[in-house]
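For reference, the structure is listed below as structure tokens.
Taken together, the values in this text are just the output of simple stated rules run on the coordinates, not laboratory data. Everything numeric here is computed off the predicted structure, so don't read it as measured data. Glycine gets a Cβ as well: all are built from the backbone with ideal geometry, and neighbour counts include every protein chain shown.
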Amino acid sequence: VRNSLISGNETIKMALTIAVGGRVWRKFFKTFPFRSNSALKRFPTCRANGRLYSTSSDVVLVRKDEESGIATVRMNNPPVNSLNPTLMVALRSCFEELEKDKTCRALILTSQKPKVFSAGLDILQLYQKSPDHVAQFWEKVQDMWLALYGSRLITMAAINGHCPAAGCLLGLACDYRIMAEGNFRIGLNETQLDLVAPFWLRQTMIDVIGYRQAEMALMIGALYPSDKALQLGLVDKLAPIEDVQTVAEEEVKNWLKIPDQARAITKMASRKPLLDELRRRKQEDIQTFRDETTRESVQKSIQQYLEKLKAKK
Ligand SMILES: CCCCCCCCCCCCC/C=C/C(=O)SCCNC(=O)CCNC(=O)[C@H](O)C(C)(C)COP(=O)(O)OP(=O)(O)OC[C@H]1O[C@@H](n2cnc3c(N)ncnc32)[C@H](O)[C@@H]1OP(=O)(O)O
């Protein structure tokens, strides 16, 4: 159904784009505009000795191999890469910078700290905060996701550890997922916190693992061990934790054999409807998140969840 939402006009535009050769990218960007963001200015790019895009906060470390055009983006927000505003803005800036870099062809997203890819949204940002704070927080989640999910690049998640909730959201936004073998978990466990995955996150889960499995996983807030995640198709490959990055690089090299423009146009053809839907319903989605998250009963559940996390020790 979603595919059929791409209008005939767009299909013609895409075909023309392929046909006109030299001007292909200009046409491509007209057809599928990628948004830029003033937040970029706050995170100056630094280029030196093959390192680049190191953000001013260093919560995101980026290294690009100039020869292959592969950039590795490492989340570096200890202890568990919880997605706070700083990390999310830095990630978004980084995705957008790489997007604009014509020599960049692929992005590998991973964690600087093995054993935890990302613990998901910073729960403290959702607890006892003003509605405005929560609304602004959610917009940062949306913008980060739009930049990654809508990327023309090959995007590969090298999931070198636990990957719950919004960690899984990041993984699902990528084109391919390689996860560490062993006792690491991945999934959308929002309902366990009395939260409800928004429509665009639910849809990506459905797109990746199919309706029945996604429906069940979302309802029970399932977190799957990596072997089960592989079986479900939630991840595409497993590797020993120390090899996840290397396996991701090897996989990217296979993908690089495919011509960029055909691959990117094909990707956008399947993702554009959902991207457009979120862009169209952004404010509605923010309001829902703000109203749901600040509800007293949800605040109580978040408090209990936080206590459970602390009590684990
Ligand atoms: C009709 C439509 C309605 C729509 C309604 C919409 C409303 C809502 C939509 C919401 C959808 C949002 C989508 C995403 C949501 C989220 O991401 S919520 C976050 C969920 N995350 C988790 O459940 C993971 C929690 N963490 C863990 O399970 C573990 O920490 C770990 C990742 C497995 C790592 O374990 P370990 O290495 O043992 O570290 P810990 O000791 O547990 O943690 C270290 C410290 O970090 C703190 N911490 C952990 N996770 C978080 C977090 N997510 N946020 C903030 N802080 C976190 C933990 O408490 C420890 O702190 P200290 O005790 O102070 O050291």
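Going by the structure shown, is MET205 free of Cβ contacts under 8 Å to residues at least 40 places away in the same chain, farther than 23 Å from GLU99 by Cβ and within 15 Å of the ligand (Cβ to nearest atom)?
Details: free of Cβ contacts under 8 Å to residues at least 40 places away in the same chain: yes; farther than 23 Å from GLU99 by Cβ: yes; within 15 Å of the ligand (Cβ to nearest atom): yes.
The answer is yes for MET205.
Name the strands (runs of 3 or more DSSP E) wholly inside segment 123-227 in which the number of residues that are among the hydroxyl-bearing types (Ser, Thr, Tyr) is 1 or more. So that I can check it myself, show each step before the final result.
On the way: elements: 154-159, 161-164, 176-180, 185-187.
The qualifying strands (runs of 3 or more DSSP E) are 154-159, 176-180.
Take the residues in segment 103-116 that are part of a loop (DSSP other than H, G, I, E, B) and without any contact (Cβ under 8 Å) to a residue 60 or more places away in the chain; name whichever of them is nearest to the ligand (Cβ to nearest atom). Walk me through how you get there before you give the answer.
In the first step, residues of segment 103-116 are kept if they are part of a loop (DSSP other than H, G, I, E, B); the result is 103-105, 112-114.
Subset that is without any contact (Cβ under 8 Å) to a residue 60 or more places away in the chain: 103-104, 112-113.
Numbers: THR103: 33, CYS104: 28, GLN112: 14, LYS113: 9 Å.
Among those that are part of a loop (DSSP other than H, G, I, E, B) and without any contact (Cβ under 8 Å) to a residue 60 or more places away in the chain, it is LYS113.
Taking only segment 228-244 into account, find how many residues are assigned to a helix (DSSP H, G or I), in contact with a helix residue (DSSP H, G or I) (Cβ under 6 Å, 6 or more places away or on another chain) and either of a type in the set (Asp, Glu) or surrounded by fewer than 16 Cβ atoms within 10 Å (Cβ to Cβ) (or both).
So the first thing to find is which residues in segment 228-244 are assigned to a helix (DSSP H, G or I), and the list is 228-232, 241-244.
From what is left, the residues that are in contact with a helix residue (DSSP H, G or I) (Cβ under 6 Å, 6 or more places away or on another chain) are 232.
Add one more test, that the residue is either of a type in the set (Asp, Glu) or surrounded by fewer than 16 Cβ atoms within 10 Å (Cβ to Cβ) (or both), and what stays is none.
The total comes to 0.
Is it the case, given these coordinates, that CYS94 is in contact with a strand residue (DSSP E or B) (Cβ under 8 Å, 6 or more places away or on another chain), assigned to a helix (DSSP H, G or I) and of a type outside the set (Phe, Trp, Tyr)? Give the steps one after another, and end with the answer.
Numbers: in contact with a strand residue (DSSP E or B) (Cβ under 8 Å, 6 or more places away or on another chain): yes; assigned to a helix (DSSP H, G or I): yes; of a type outside the set (Phe, Trp, Tyr): yes.
It is true that CYS94 is in contact with a strand residue (DSSP E or B) (Cβ under 8 Å, 6 or more places away or on another chain), assigned to a helix (DSSP H, G or I) and of a type outside the set (Phe, Trp, Tyr).
What single numbered condition from (1) under 22 Å from LYS253 (Cα atoms); (2) touching a Phe, Trp or Tyr at 6+ places or on another chain (Cβ under 7 Å) fails to hold for LEU172?
It fails just one condition, (2).
GLU307 versus (1) in contact with a Lys or Arg (Cβ under 8 Å, 6 or more places away or on another chain); (2) surrounded by fewer than 12 Cβ atoms within 10 Å (Cβ to Cβ): which is the lone unmet condition?
Just one mismatch for GLU307, condition (1).
Can you tell me which residue is farthest from the ligand (Cβ to nearest atom) among those in segment 265-280 that are over 21 Å from VAL141 (Cα atoms) and surrounded by 14 or more Cβ atoms within 10 Å (Cβ to Cβ)?
Start the filter on segment 265-280 by keeping residues that are over 21 Å from VAL141 (Cα atoms), which leaves 265-267, 269-270.
With the extra rule that they be surrounded by 14 or more Cβ atoms within 10 Å (Cβ to Cβ), the set shrinks to 265, 267, 269.
Numbers: ILE265: 30, LYS267: 23, ALA269: 26 Å.
By that ranking, first place goes to ILE265.
For ARG212, all conditions in the list (1) within 16 Å of the ligand (Cβ to nearest atom); (2) basic (Lys, Arg); (3) free of Cβ contacts under 8 Å to residues at least 40 places away in the same chain hold save one; what is the number of the exception?
(1)
Looking at GLN299, GLN283, can you tell me which residue is more than 19 Å from the chain's Cα centre (by Cα), part of a helix (DSSP H, G or I), exposed (fewer than 12 other Cβ atoms within 10 Å of the Cβ) and within 16 Å of the ligand (Cβ to nearest atom)? Before the answer, list the steps.
Values: GLN299 fails: exposed (fewer than 12 other Cβ atoms within 10 Å of the Cβ).
Criteria check complete, one pass: GLN283.
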